[in-house]
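First the structure, in the form of C-alpha cells, and then the observations on it.
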Amino acid sequence: MSETTSLESFRAETRAWLEANCPPEMRQPLRGEQDYCWGGRNASFQSEAQRLWLQRLGERGWTVPTWPRDYGGGGLTAEQAQVLQQEMRRLNCRPALWSFGIWMLGPALLKFGSEAQKREHLPKIARGEIRWCQGYSEPNAGSDLASLQTRAEDRGDHYRVNGQKIWTSYADQADWIFCLVRTDSAAKKHTGISFVLFDMATPGVSTRPITLISGKSPFCETFFDDVRVDKHNLVGQPGGGWDVAKYLLTHEREMIGAIGERAQPQPLGAMAAQSLGRDATGRLDDPQLRARIAEFEVDEAAFRALLQRFGEQARAGQAHGAFSSALKYYGAELNKRRHELIMSALGSGALIWESAGGAAEDAASNDGAAARDWLRSKANSIEGGTSEVQLNVIAKRILELPGA
Amino acid sequence: MSLLLNEEQSMLRDSARSFLAENAPVAQLRRLRDSRDPAGFAGNTWAAFADLGYAGVAVAEAHGGAGLGAVEVGVLMEQIGRNLSALPFLASGVVAARLLQSAGSAAQQAAWLPRIARGEAIATLAVDEGIKHQPEAVALRAARHGGGWRLSGSKSFVPDGHVASLLLVAARADDGVALFALPRDTPGVQVERTVMADAHNAARVVLLDVALPDDARLPGGGAAALQQALDFGRAAAAAELLGIADEVFERTLDYLKQRRQFGRLIGEFQALQHRAAMLYVDIELARAALAKALLALDTAPQQAAEAVAIAKAKCGSAATLAVQEGVQMHGGMGMTDQLDFGLFMQRARVLQELYGDAGWHMDRLARMRGY
C-alpha cells in the first residue's frame, strides 16, 4: 500500500472514530476560558460530555498524538497527526485538554527524562490525571531568569528546597510542579541550576494567588519551606537544569505565540460590524476602526501562514532553533492589538464591570469579560520572556548581530 | 500542499539567482538609466532569459511554455526583485499571458502565446486610467460599430507599454467590462513612454476611435477574468517586493556588522538590534503570506483573491519598511546614489502602487469579508 493510500485510509478511520466518539457538546465553539478543561487530581468537569471526551481521547493517546505509545501517546507520525488535527478542525472538535504538561514539560521529559521518569509522568499527563505548573520566575529573577536564588541543598538521597517563585500559573490548582532550583551557589549562574519535579502536596509548599488588573488571579506566589525532593525527581544532570529550561522555554514560546490561534477567535471585522452597524454601502460604520481592523486582519492572516510554514519547516528539520522567539514576540503583540480593537468595537458596552442584569448591554458585558480579557492580554508580552527579550534572542541567535 | 519549495522549485530558484546576478544585476539597471536606454531593458538579456524558458514559465506547454504555475512565477520574481532586473516579464509573461490563457480565443492564444513564451513579442495589460488602481471603474469606451468595435479613451501606468506589440485593453462595453487584444500598430493607437521613478518604463496610451474587428474581443470573460489575471500579477509583484525586502535587509544586516561608531560596531546597539529583529519578523510574515497566496493561485484560483490581497498588502508594507530602514541604518551613505538603496526604494514604491497598494488591498479584504 502506498503512503498516500495508507494516509487516506487513516483519515477515513479517524473521521469515523471522531464522529462516533466526540460528544456533540464538544463540537460547539469555545465561548472562553470557562470552557477549558485542565484535568488534574481534583478536576472539575463542566459537563459529563467534557469528562467523556477527555477520557476517550486520553485512552487513545490522541491528547498527545505524536508521543510514543509506551508513554501514553498515540504513536502517530507527523503526517498522521496533521490529518488528525485537520479532521478535528473539520468537525469543530474542542481540544479535550489544556495542559502545561503537554505543551511544556512533556517535550522536555521526552528529551531529558530518565526511562523511569517518562513512564511515571507522561501517561498521567496524556490522560489529564495530573495537572502541572511551572516554577521559573522569582521576585528578583524575571527577564534575567538565570539569576534565580531558590536553593536546593544536597541531603544525600534528597534535596531540601527553600525559596520563593512568582507568576506561577495556576499553582493553587496544580498537582505537581517542574521547578528550577540552584544546587550549586559557587558555580557560574547558568551552570549551578537544576531541574526538579515535586508534588505540590509535599509539606512546606504553599501558594498565594496574585490579583491582577483584570480582577482575576491566574498567577500565584509559591513558597518553599524545607521541601523534601527525592533525587530520582531530578531531570537531567545536577547543574544541567538551564539546558532543560531553555528547551522547555522554546515550547512555551510557541504555545503563547499560538494562543490566539488555538482559541479560534471570531473574525474581528464581522464582530465589529455586528456591534457598530454598517453604512449604506455595507461598510463598517466607523471608517477609522475599519481601516485598523483590516490592517490587523492582514497581519493575523500572515501570522497564521507563518505558523503553518514554521510547522512544515519543523517537520522537515529546517526550522531555526530560536524561531519560537519570533512567534512568541509577534503572537503576543498581535493578541494585544486584537483586544484593543475589540474594546473599540464594543465601546462603552464593554466597560460594564459588574452586570446589574437589567439592560441588554449589562447581560452582553458578561461581568466585564471583554474588558478582563483585554487587561489579561497585556501579560502576553511579559510572560514567557518579554517582547524585548524575544527581540534580543532574534537579534543575537538568528541575525547574529554582535554584542553580549 | 506545502508552503515550502520542492526540489525542482529550489533548483529553479538557484539557477535564476545565478543567471540574474550575472546577467541582470542592479548595475545593469543603473547603466540603462544613465544611458537613457529607449527600451529600458537589455534586449540580449531578455532573449537569454527567454531561451532558458523563464519568459514562458507560466505559458501552457501546448503554446510552447513550461506550463508551470504561480509558485514558479513567484520564485523568478523574487530573484528579479533581489537584482532589480529590468525585464518585461511581469507585464508580458505573467499578467498578459495569464489573461490570454484564461480568456483569449484559440486564435488569439495561438497567435500570441508562443511568441510571448519565446520573448519575441511583448504584451501588456492596460487597465488603470487615473492615478490610483481602480479596475472596477474602467471607463475607456468600447462601442459596437458595424460588425466590429470602436474604442475611445485613455490608459495610464501601462507597464512596458512603450515596447509592447500587443495591448490587452480593459474597456467599458454596454454589457460591462470587456477585454480586447489590440495590436500596437493599429491605426489610432498613440503610445507615449513614461520614464518612471524606478528607471523602469511605463506608457500612457490614448485610443482615438480605434476600429477593431469583432474577434478582437477576448471571449472568455470580463471583470472576473480581469481580476483573476490581476491577482496573478499582484502575487507576482508581491514576490518582487519580497525579493527587494530580502536583498535590502541582507545588505543592511551586513552593514550593522561592519560599521563602527563610538568605538563599537553599530550592530551592538540595542536600538538598532530591536528594529532589525522587528523587520526580520515582518519579512518572514510577508514570505509566509506570499507562499499561501501563490499556492492558492495554483490550487484554487477562484478562491485565491483573499490570500492575494493579504500577500500584496503584507509584502508591500514589509518592503516599504525594509527600504526605509535600509536607508536610515546606512546613514548619509544610504542617501547617496553611489549605493543602491535609492534604486530599491524607488522600485518598491512603484510596485506598491502597481495593481493596488497596501491600503487598497486592505480595503478589498474588508469588502470580501463583509465589513
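The values are calculated or read from the model by the stated rules, or taken from the named source; none is laboratory data. Treat the numbers as computed from the prediction; the structure is a model and nothing was measured. Reconstructed Cβ throughout: ideal geometry from the backbone, glycine too, with neighbour counts over all protein chains shown. Areas reflect the complete protein model, heavy atoms only, side chains present, ligands, DNA and RNA absent. Shrake-Rupley method; radii C 1.70, N 1.55, O 1.52, S 1.80 Å.
Residues considered: B:285, B:279, B:272. Of these, the only one that is part of a helix (DSSP H, G or I) and either within 25 Å of residue B:98 (Cα to Cα) or open to solvent by 10 Å² or more (accessible area, probe 1.4 Å) (or both) is B:272. Residue-level check: of (1) of a type in the set (Gly, Ala, Ser); (2) buried (at least 23 other Cβ atoms within 10 Å of the Cβ); (3) part of a helix (DSSP H, G or I), residue A:116 misses just (2).
A count restricted to segment B:184-242 and to residues that are touching a residue at least 60 places away in the same chain (Cβ under 8 Å), out of contact with any Gly (no Cβ under 7 Å at 6 or more places or on another chain) and farther than 30 Å from residue B:341 by Cα stands at 10. Within segment B:266-305, being more than 8 Å from chain A (Cβ to nearest Cβ), under 26 Å from residue B:1 (Cβ atoms) and at pLDDT 95 or above holds for B:282, B:283, B:290, B:293, B:294, B:295, B:296, B:297, B:298, B:299, B:304, B:305.
All conditions in (1) open to solvent by 10 Å² or more (accessible area, probe 1.4 Å); (2) within 13 Å of chain A (Cβ to nearest Cβ); (3) in contact (Cβ under 8 Å) with a residue 60 or more places away in the chain hold for residue B:350, with the sole exception of (2). Only one of (1) in a helix (DSSP H, G or I); (2) of a type outside the set (S, T, N, Q); (3) in contact with a Ser or Thr (Cβ under 7 Å, 6 or more places away or on another chain) is not met by residue B:62, so which one is it? For residue B:62, the failing item is (3).
Which residues, taken from segment A:263-285, are modelled with pLDDT under 75 and open to solvent by 60 Å² or more (accessible area, probe 1.4 Å)?
A:264
Conditions (1) farther than 30 Å from residue A:44 by Cα; (2) at pLDDT below 95; (3) not in a helix (DSSP H, G or I), marked per residue:
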{"position": "A:95", "(1), (2), (3)": "no, yes, yes"}
{"position": "A:106", "(1), (2), (3)": "no, no, no"}
{"position": "A:120", "(1), (2), (3)": "no, no, no"}
{"position": "A:149", "(1), (2), (3)": "yes, no, yes"}
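Every listed requirement among (1) under 18 Å from the mean Cα position of the chain (by Cα); (2) within 23 Å of residue A:250 (Cα to Cα) is met by residue A:94 save one, (2).
The set of residues in segment A:299-350 being more than 8 Å from chain B (Cβ to nearest Cβ), within 18 Å of residue A:399 (Cβ to Cβ) and open to solvent by less than 20 Å² (accessible area, probe 1.4 Å) consists of A:322, A:323, A:324, A:325, A:327, A:328.
Restricted to segment A:77-93, and to residues there that are open to solvent by 20 Å² or more (accessible area, probe 1.4 Å) and not in a helix (DSSP H, G or I), the residue that is farthest from residue A:24 (Cα to Cα) is A:77.
Against the numbered list (1) within 16 Å of residue A:235 (Cβ to Cβ); (2) of a type in the set (Lys, Arg); (3) open to solvent by less than 40 Å² (accessible area, probe 1.4 Å), residue A:124 comes up short only at (3). Any residue at all in segment B:201-223 that's within 28 Å of residue B:81 (Cβ to Cβ) and surrounded by fewer than 17 Cβ atoms within 10 Å (Cβ to Cβ)? Checking segment B:201-223: not a single residue is within 28 Å of residue B:81 (Cβ to Cβ) and surrounded by fewer than 17 Cβ atoms within 10 Å (Cβ to Cβ).
Only residues that are in a helix (DSSP H, G or I) and either in contact (Cβ under 8 Å) with a residue 40 or more places away in the chain or in contact with a strand residue (DSSP E or B) (Cβ under 7 Å, 6 or more places away or on another chain) (or both) were counted across segment B:24-50, and they come to 11.
Please go through segment A:169-202 and pick out each residue that is among the polar types (S, T, N, Q) and either part of a helix (DSSP H, G or I) or at pLDDT below 95 (or both). Within segment A:169-202, A:169, A:173, A:185, A:191 qualify.
Quick grid of which residues meet (1) touching a helix residue (DSSP H, G or I) at 6+ places or on another chain (Cβ under 6 Å); (2) open to solvent by 30 Å² or more (accessible area, probe 1.4 Å); (3) of a type in the set (Gly, Ala, Ser); (4) farther than 23 Å from residue B:297 by Cβ:
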position	(1), (2), (3), (4)
B:162	no, yes, no, yes
B:175	no, yes, no, yes
B:187	no, yes, no, yes
B:195	no, yes, no, yes
B:231	yes, no, no, no
B:234	yes, no, no, no
B:239	yes, no, yes, no
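Tell me, yes or no, whether segment B:320-338 has at least one residue that is within 11 Å of another protein chain (Cβ to nearest Cβ), buried (at least 19 other Cβ atoms within 10 Å of the Cβ), assigned to a helix (DSSP H, G or I) and in contact (Cβ under 8 Å) with a residue 40 or more places away in the chain. No, segment B:320-338 contains no residue that is within 11 Å of another protein chain (Cβ to nearest Cβ), buried (at least 19 other Cβ atoms within 10 Å of the Cβ), assigned to a helix (DSSP H, G or I) and in contact (Cβ under 8 Å) with a residue 40 or more places away in the chain.
If the condition is being surrounded by fewer than 19 Cβ atoms within 10 Å (Cβ to Cβ), in contact (Cβ under 8 Å) with a residue 12 or more places away in the chain and under 15 Å from residue B:223 (Cβ atoms), then segment B:137-155 contributes only B:139. For segment B:288-319, a tally of residues being open to solvent by 40 Å² or more (accessible area, probe 1.4 Å) and touching a Ser or Thr at 6+ places or on another chain (Cβ under 9 Å) returns 1. Of the residues that make up segment B:44-66, is at least one on the phi > 0 side of the Ramachandran plot, at pLDDT 95 or above and open to solvent by 40 Å² or more (accessible area, probe 1.4 Å)? Yes, the conditions are met somewhere in segment B:44-66. Evaluate the following for residue A:32: is it modelled with pLDDT of 95 or more and among the small types (Gly, Ala, Ser)? When the stated conditions are applied, residue A:32 does not pass them.
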